[in-house]
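Novice: Before we start, here is the structure in question, set down as structure tokens.
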Amino acid sequence: MQSKLSDIALIVKTLAGDQSAYADLVKRHQRFVFTLAMRFTKNREDAEEVAQDCFIKAYRSLASFKQESKFSTWLYSIVYTTAMTSLRKKRVDTTSIDDEDTYIQVANTSSGYDVNDAENRSRSFYLNQAITQLTPDDATIITLFYKGEQSLEEIAQTLGIEANSVKVKLFRARQRLKEKLERNLKHEVNELI
């Protein structure tokens, strides 16, 4: 049962030649890597390409992982640099025609109508919609802090900036997210009235 092993144990096994151990690492982190890539690219196909490139780069560089930080922090820094490189190569401003629901998968485990479940999905929808309207830097910091549950220091390491800068950027990103939510929900309230 390799899925119960820590990231470090899986890395050791991978470096020893166990390919299935790396597959377990990928399974463990693929959803969040894709989410981060999507925040940058705003396009499903590009996000899938960035995510795949990240796991290939991580595999090739696994021996250089020094364990000075969590594996996830190291991996997310690869996502950040790969996404930025991808965006620089494209340099064409495009908007995805994909619907938000096509890449947000919400498991429906209840058999009947559950008000709390519907409310949570609605909150999640509006929150994700507002996050996609943020700049890639703001979206990344929000995603790493709240969804990735990374500390300010871990985010600083991922982005290659000072922890104090992350704190300021996070504060400003929260303010911009709040503005987006208020604007988006204002239209929803007006539609209901």
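The values are calculated or read from the model by the stated rules, or taken from the named source; none is laboratory data. Note that this is a predicted model, so its numbers are computed, not measured. Please note: Cβ atoms are built from the backbone with ideal geometry, for glycine as well, and neighbour counts cover all protein chains shown. All accessible areas refer to the heavy atoms of the entire protein, side chains included, with ligands and DNA or RNA removed. Shrake-Rupley method; radii C 1.70, N 1.55, O 1.52, S 1.80 Å.
Novice: When you go through (1) under 14 Å from THR41 (Cα atoms); (2) at pLDDT below 85 one by one for LYS147, which number turns out not to apply?
Specialist: Failing condition for LYS147: (1).
Novice: While we're looking at this one, here's another question. Filter the stretch 1-14 for residues that are in contact with a helix residue (DSSP H, G or I) (Cβ under 6 Å, 6 or more places away or on another chain) and without any contact (Cβ under 8 Å) to a residue 60 or more places away in the chain and give the result.
Specialist: Within the stretch 1-14, GLN2, SER3, LEU10, LYS13, THR14 meet the criteria.
Novice: Are there any pairs, at least 6 apart or on different chains, whose C-beta atoms fall under 6 Å, with the first in the stretch 169-185 and within 18 Å of LEU159 (Cα to Cα) and of a type in the set (D, E, K, R) and the second open to solvent by less than 80 Å² (accessible area, probe 1.4 Å) and part of a helix (DSSP H, G or I), and if so, which?
Specialist: LYS169/ILE141
Novice: Return the residues of the stretch 33-45 that are over 19 Å from GLY148 (Cα atoms) and either open to solvent by less than 30 Å² (accessible area, probe 1.4 Å) or free of Cβ contacts under 8 Å to residues at least 24 places away in the same chain (or both); say none if nothing qualifies.
Specialist: GLU45
Novice: Inspect the stretch 50-63 for any residue being in a helix (DSSP H, G or I) and within 16 Å of LEU144 (Cα to Cα) and give the result as yes or no.
Specialist: Yes, that holds for at least one residue.
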